[in-house]
1. Across region 255-270, what is the total count of residues that are under 16 Å from Pro344 (Cα atoms) and either surrounded by 14 or more Cβ atoms within 10 Å (Cβ to Cβ) or modelled with pLDDT of 95 or more (or both)?
2. How do the strands (runs of 3 or more DSSP E) wholly within region 223-311 filter down when requiring 3 or more residues that are over 21 Å from Thr337 (Cα atoms) and touching a residue at least 60 places away in the same chain (Cβ under 8 Å): which remain?
3. Check Ala210, Ala148 and return the single one that is modelled with pLDDT under 90 and surrounded by 12 or more Cβ atoms within 10 Å (Cβ to Cβ).
4. Show the residue pairs that are 6+ apart or on different chains and have beta-carbon atoms under 6 Å apart, the first residue being within region 63-78 and in contact (Cβ under 8 Å) with a residue 60 or more places away in the chain and small (Gly, Ala, Ser), the second being part of a loop (DSSP other than H, G, I, E, B) and buried (at least 18 other Cβ atoms within 10 Å of the Cβ).
5. Can you tell me which condition Asp74 does not meet? The list is (1) touching a strand residue (DSSP E or B) at 6+ places or on another chain (Cβ under 6 Å); (2) exposed (fewer than 11 other Cβ atoms within 10 Å of the Cβ), and all the others hold.
6. Give the residue, chosen from Ser273, Ser332, Ser316, that is in the same structural domain as Asn235 (by TED's automatic domain parsing), at pLDDT 90 or above and more than 30 Å from Gly68 (Cα to Cα).
7. Out of Ile62, Ile48, I need the residue that is surrounded by 10 or more Cβ atoms within 10 Å (Cβ to Cβ), farther than 30 Å from Leu239 by Cα, at pLDDT 75 or above and not polar (S, T, N, Q). Which one?
8. Exactly one of these conditions fails for Leu217: (1) touching a residue at least 60 places away in the same chain (Cβ under 8 Å); (2) touching a helix residue (DSSP H, G or I) at 6+ places or on another chain (Cβ under 8 Å); (3) surrounded by 14 or more Cβ atoms within 10 Å (Cβ to Cβ). Give me its number.
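The values are calculated or read from the model by the stated rules, or taken from the named source; none is laboratory data. Computed from a predicted structure; not experimentally measured. Positions of Cβ are generated from backbone atoms using ideal geometry, with glycine treated the same way; all protein chains shown enter the neighbour counts.
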Amino acid sequence: MLKKIFIVLITFVAFFSLTTLAISQIENKAKDDLYSQIELYSYTLTTIQADYVDEIPPKDLIYGSLKGMLSSLDPHSQFLDPEEYKELKTDTQGKFGGLGIEISIKDGLLTVVTPIEDSPAWKAGIKSGDRIVKIENELTKNVTLSEAVKKLRGKPGTSVTITVLREDEFKILDFTIEREIITIQDVKHTQILEDHIGYIRLTEFREDSAKSFREALDTLKKQGADSLIVDLRNNPGGLLNVAIQITEEFLPEGKIIVSTKGRRPSQNTETRSTNTSHIVDWPMVVLINEGSASGSEILAGAVKDNNRAVILGTTSFGKGSVQSVIPLPDGSGLRLTTSKYFTPSGKSIHGIGITPDIEVKFEPPRKKEPEDDQAEKLDEIFYNVERKAPPKPEEKPTENKKEAEVREILLKDNQVRSAISVLKGIKVFQGTNKAEEVKAEEVVSPAAK
């Protein structure tokens, strides 16, 4: 009996040792592969330094190789030299120089996610989805995001010419745009449109956006709002934590907002609302379009999957990856894709986008004939066309003139009108239900007389 036990133990130890040895060999092989490739890299670097026609500083060679390495991973991963890393930190604070466009690589092409409202690109007529094929007559094929940003940005007052392919119109268009300091107002046009329906335009998710959004909600509440339109059209995203904070305004504690999945266990997260107070429970419509990306899609996906709002408009951009910004010792940094995010129902929208509950394509208002006192043109707020509206004779003296003009424009926007119709329908339905509940209570428990 003891002999059999001894044989079993020997067999187990041998099996365990062989398994450990096999795993060790696999790990060693992986290390050997890495070391051999590093040796190849070192040899190439030494050869370039020794034999290339011009003498190149070692730092330039290393930076160049790092840029190539990161750009080979995916369109959103970048190596940032110290200047670019500093600019990235400036971006999240809401002020920078340039044209005012958010760009990405989509289908291998440099693509405009959205022009920033009131920016030079916006006023010039750049649209979401435009493919930038040339910058100053140089083709953008194989250009990295960081290289494109560097070419597009410059000193305020200087100009840059870009050539875009507008696929839906089958047109090649040239734009010469003067650079400006871009200051972003992330929460705009907070007001009551009609029938106690509030409206907030959210253009980006930046450091102070959650605070500004909370203040906008408080303002609408004081003005008597009982329902809400949140306009995320052409919102390219921004800071993930800020998008989560704003989403929490509409979801009670414990509701899933977003989950992320990556290679490391620490990158597999599930974010739930921690809000235990000041929850906004108004009926709500969220507007999205092809320029809504990243943080906008987190917010829209969360309220959609939690049945908290109606999503209206057109399918969003489809940027469902999460980038971590990692500082490096010399002041440079990595912008590295570390995970993908998923909506509360477990859907990844990367490359797909958020599909609206109600699809409503934007339709520019019909131009008036000349005899109708010239055409009213859409829509300096959303659609890049200068508009000169006659003053409203019935405008109240106490009402802000700009606010009145904005309201007039919004009420002619077919997507906003559709959102208003949806909210009115919801409120009628809720009112009918409440009336029926009261009536049922009276039947069961008649009031004492």
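1. Of region 255-270, the ones under 16 Å from Pro344 (Cα atoms) are 255-261, 268-270.
Within this subset, residues satisfying the condition of being either surrounded by 14 or more Cβ atoms within 10 Å (Cβ to Cβ) or modelled with pLDDT of 95 or more (or both) are 255-261, 269.
So the answer is 8.
2. It comes to 227-231, 284-288.
3. On the way: Ala210 fails: modelled with pLDDT under 90.
Criteria check complete, one pass: Ala148.
4. From region 63-78, the pairs are Ser71/Thr144.
5. The number of the failed condition is (2).
6. Only one candidate passes the filter, namely Ser273.
7. Values: Ile62 fails: farther than 30 Å from Leu239 by Cα.
So the residue among Ile62, Ile48 that is surrounded by 10 or more Cβ atoms within 10 Å (Cβ to Cβ), farther than 30 Å from Leu239 by Cα, at pLDDT 75 or above and not polar (S, T, N, Q) is Ile48.
8. (2)
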